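The values are calculated or read from the model by the stated rules, or taken from the named source; none is laboratory data. Remember, predicted model here, so these are calculated numbers, not experimental data. Cβ atoms come from the backbone with ideal geometry, glycine included; neighbour counts cover every protein chain shown. Heavy atoms of the whole protein, side chains included, go into the accessibility calculation; ligands, DNA and RNA do not. Shrake-Rupley method; radii C 1.70, N 1.55, O 1.52, S 1.80 Å.
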Amino acid sequence: MEEKTLLHRQIHPIFVVEDKISVQAFENCKYQISSSSFAPSKKDNDQLSLYNGDKFSAKESYSHYTKEFQSFGVLSLEVAEVQSISDLKVQEDNYPYDGHCFIDFSNVPSGKQKSKRAVQLRDIAVKRNWTFKP
Amino acid sequence: MENKIFIAPKLNGSRFEDHSLPLNVLEDFNALQSLFIEIAKVIYLEENRRRKRVPKGFSEGFYLKLVEIEEGSAIAKFVAAASIVANSIQFESSNDLNYFEKAKEKFVQLVESFNCGEELGQEDVQFLPYFNKIGKNLVDDESIDFGYDHKSKTSSKAILNKEIRNKILNTLDQKSEYQKDIELFALVPEIDQKNNTFQIETDLGNFKCKIEEYIKPAVFSVFSNYQKGAYILLNCKAVFGLDNKIKEVLHIDSVEVLNPLDVQLRISNLLKLKDKWFEGQGKAINKNNLEHFGSLFKEYYKPNLTLPAIFPKIDGNIQLEWKNESKNIIVEVELETLLAEFLYFDGANENDDTEMGLNLNIIKGWEELNRLIEFYL
């Protein structure tokens, strides 16, 4: 895994809404993605799961994930982008499958700060645009 | 709880002469209670057309209590007991009992109309199935005067006996459907230009509708964005079967292309989530709680403010998000209590953030939310 390695996050369809920004219906539509897509839940032990881009392309990660779960599409972040945000670290554990990695939120001091970091991650990923959408 | 008599039907017949009620006749009143609730809901929605659903706790709080059986055949006096709904904004519950009073009047009118041979309104057909149970246990010499005035001791024409009940049930057999005005959220997957019709896809089924000129632009617009999940809100008249399922959309009054952030639409979609919706985790959202939140949002969130995107949380609660350039607002709402956590921060300025609690169970909480949205966005 290197600084430019892309990390792929699957986005659940319910975390995506269209955001109409023009009075001309749907001509200038963008999507609003929930920051929850980039926040670990309490059950995740502060770990946000991602696919290692060295082992999965965005499309491959989508195919792997959707064997079991729903995904609207894939948004991605570079390792360097994640690690430029304070208190976040990328870890590669290859569990429960080879190519699994996660962003470790355990050093983020509070719930408020976790929400902020989740928004930052989302905004970086959204700026890149979808790396895969069926 | 007031001890005001809600209804005092007079039961005539040899079984009632000792001013007592056999247990099986009391079962009929159980069905009557259910019918009052159903009619009250219909009346509420007719009088509050902005609302799609009755308020939280509307029907759960209502039940009939038998408090006395007066002499002179059996005059069964019932009070309407209403439990106080403590966790909703007060004004919502204060008028609820009026709807049940109106429901009772409607019911009495319905029975009277059968006695007088009057024509049944289309909208009343939906109430007839309840007579499968109401009056079921009456025998030949028995009747119930539902409009009896126990104060003036005056009889009414709202008398249910075996003959009238059979008349009602025969009418039910003949009328297998009824019409009702409804609102539907719909996708448009198909247009048939040759036959000038279009298909709508709704939670209640798929139906073919006629394309009228006045709805054409909206229908075509939404059709071309079907893959993006574009919705319309249809106001229409539909035909329902007695199973309360839509059989046909008769006529469309209006169509509105919906903002994808439309709160009622979003609520409708969030309610489709089942348990384990996210990677085997995730709790389905409680329908009553979410719809109650939706009613309050519609009532108190200022219409000129930017709509939030509403997302579910894995614990069964919701999160509202607003974004304007680098400014972000997140409001996490616990649906059971309507207590919320408000968080604002500017992504471009590390030190520009605010965090506070809000109580969306009170009007002041909504006023504060409106003020914060206006201020920070």
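So here's what we get for this one:
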{"read-out": "Dimensions (Å) - the protein assembly as shown, Cα atoms, principal axes, largest first", "value": "93, 58, 44"}
{"read-out": "Helix-only mean residue ellipticity at 222 nm for the protein assembly as shown, each DSSP H run of n ≥ 4 adding -39500 (n - 2.57), per residue, nearest 500", "value": "-8500 deg cm²/dmol"}
{"read-out": "Simple spin-label estimate for B:Glu27 and B:Tyr300 in nanometres, 7 Å along Cα-Cβ", "value": "4.6 nm"}
{"read-out": "Kirkwood Rh, angstrom, region B:121-266 [1 / mean 1/r, Cα pairs]", "value": "18.4 Å"}
{"read-out": "Residues A:Asp87 and B:Asn195, FRET efficiency given R0 of 60 Å [Cβ-Cβ distance, rounded to 0.05]", "value": "0.45"}
{"read-out": "Inter-label distance, nm, simple model (7 Å from Cα along the C-beta direction), B:Glu123/B:Asp173", "value": "2.9 nm"}
{"read-out": "Contact order normalised by residue count of chain A, Cα under 8 Å, 6+ apart, percent", "value": "32 percent"}
{"read-out": "Averaged over B:309-316, number of beta-carbon atoms from partner chains that fall within 10 Å", "value": "5"}
{"read-out": "Exceeding the 18 Å Cα-Cα cut-off - candidates A:Lys116/B:Lys283; B:Lys104/B:Lys167; A:Lys114/B:Lys327; B:Lys41/B:Lys77", "value": "A:Lys116/B:Lys283; B:Lys104/B:Lys167; B:Lys41/B:Lys77"}
{"read-out": "Cβ-based charge dipole, region B:240-341, positive-most Cα from B:Gln319, B:Leu265, B:Gly294", "value": "B:Leu265"}
{"read-out": "Other-chain or far-sequence residues with amide H under 5 Å of B:Phe6's (modelled H)", "value": "B:Phe78, B:Val79, B:Ala80"}
{"read-out": "Rounded to the nearest 20 debye, dipole of the protein assembly as shown from Cβ charges on Lys, Arg, Asp, Glu", "value": "540 debye"}
{"read-out": "Nearest-10 value in Å² for the accessible area of A:Met1, using the 1.4 Å probe", "value": "80 Å²"}
{"read-out": "Solvent exposure ordering (accessible area, 1.4 Å, most first) of B:Tyr130, A:Tyr51", "value": "B:Tyr130, A:Tyr51"}
{"read-out": "For B:Asp253, residues with placed amide H under 5 Å, excluding near neighbours", "value": "B:Asn235, B:Cys236, B:Lys237"}
{"read-out": "Sequence-separation-based contact order of chain B, relative, with Cα cut under 8 Å and 6+ spacing, percent", "value": "11 percent"}
{"read-out": "All lysines inside 23 Å of B:Lys194 as judged from Cα atoms, apart from same-chain residues fewer than 8 positions distant", "value": "B:Lys208, B:Lys210, B:Lys216"}
{"read-out": "Value of Rg to Rh for region B:156-207 (Rh from inverse mean 1/r over Cα pairs, i.e. Kirkwood)", "value": "1.32"}
{"read-out": "Cβ-derived FRET efficiency at R0 45 Å, B:Asn288 paired with B:Lys151, nearest 0.05", "value": "0.75"}
{"read-out": "For region B:20-34 versus region B:298-334, the gap between their alpha-carbon centres in whole angstrom", "value": "48 Å"}
{"read-out": "Cα extents of region B:220-291 along the three principal axes, largest first (Å)", "value": "42, 35, 20"}
{"read-out": "Inter-site label distance for B:Asn137 and A:Lys127 at 7 Å from Cα along Cβ, in nm", "value": "7.3 nm"}
{"read-out": "Solvent exposure, largest accessible area first (probe 1.4 Å, DNA, RNA and ligands not counted), of B:Tyr148, B:Tyr300", "value": "B:Tyr300, B:Tyr148"}
{"read-out": "Residue-level accessible surface for A:Asp87, protein heavy atoms, 1.4 Å, Å²", "value": "70 Å²"}
{"read-out": "Residue-by-residue Karplus 3J(HN,Hα) for region B:265-273, coefficients 6.51, -1.76, 1.60, Hz, glycine and proline x", "value": "5, 5, 4, 4, 6, 5, 6, 7, 5"}
{"read-out": "Scattering profile of chain B at q = 0.10 Å⁻¹ [log10 I(q)/I(0), Debye over alpha-carbon scatterers]", "value": "-0.82"}
{"read-out": "Relative contact order of region B:192-344, pairs being alpha-carbon contacts under 8 Å that are 6 or more residues apart, as %", "value": "12 percent"}
{"read-out": "Karplus-derived 3J(HN,Hα), 6.51/-1.76/1.60, for each residue of region B:189-198, Hz, glycine and proline x", "value": "x, 8, 10, 10, 6, 5, 9, 6, 10, 9"}
{"read-out": "Over region B:283-377, equivalent-ellipsoid semi-axes from the Cα gyration tensor in Å", "value": "22, 15, 12"}
{"read-out": "Accessible surface of A:Glu68 - all protein chains present, 1.4 Å probe, nearest 10 Å²", "value": "140 Å²"}
